[in-house]
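Input: a single structure, listed below in structure tokens.
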């Protein structure tokens, strides 16, 4: 039985659609293989998925399981494919349909719970552009994805909860984005007016901040380069929408969105 579960692949700040095709064959010796140019983290998904399903009080199928990640000529990296692989297997053994216009992303723990997974914001941005309506992501990554309006983001705690949702035994409600008050009210680490001396360096940084130019500081250790660099955000103009989007994409791709929490 073939199940297709949509997911994504992040290539830097660019995102493409990946179809996770899960096939459970009745014939052949039991096994579990992943193809489609997976890296080591993706290849290890089969062990995490096997343990997570078993720990969720569900019988892991004793069948020949083959997972193909299409397009097969694009390298797949990271642990984000644990959830779509698990959904494909659960869809087959529990006989529930994979919802249309939905994307899945998330790393599984051995106990069946989901961990924070980087790239949720990029996934949400891609989903909106590509016409997807629903995202299923780890609960810790849901607020990151919910920053993009116009799509439903379902926070998943564990496989048992997700299976219950698809079997209509319990409901997972979409989340609303909540910005961090701490970040909204944050101030730069240093104020430029508190820097004594270094008039030439401060003038260069003012020009750089006003014109959006690059700047390099060269000097002996202890001359104040780091302090000036930390004071620079205080004189930068506010980000416009395009700049804010690019910065947030970088934080998401690096897994630091929780610290940034734009």
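Values as computed for the structure displayed
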{"quantity": "Subset of the stretch 118-173 [in a loop (DSSP other than H, G, I, E, B), farther than 24 Å from residue 94 by Cβ and in contact with a helix residue (DSSP H, G or I) (Cβ under 9 Å, 6 or more places away or on another chain)]", "calculated": "118, 119, 146, 147, 148, 149, 150, 151"}
{"quantity": "Any hit, the stretch 185-200, residues being surrounded by fewer than 16 Cβ atoms within 10 Å (Cβ to Cβ), modelled with pLDDT under 95 and farther than 30 Å from residue 231 by Cβ", "calculated": "no"}
{"quantity": "Matching helices (runs of 4 or more DSSP H) fully within the stretch 2-101 where at least 2 residues are touching a helix residue (DSSP H, G or I) at 6+ places or on another chain (Cβ under 8 Å)", "calculated": "45-55, 82-94"}
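The values are calculated or read from the model by the stated rules, or taken from the named source; none is laboratory data. These numbers were taken from a predicted model, which means no experiment stands behind them. When we count neighbours, we look across all protein chains shown, and the Cβ atoms used for this are built from the backbone with ideal geometry, even at glycine.
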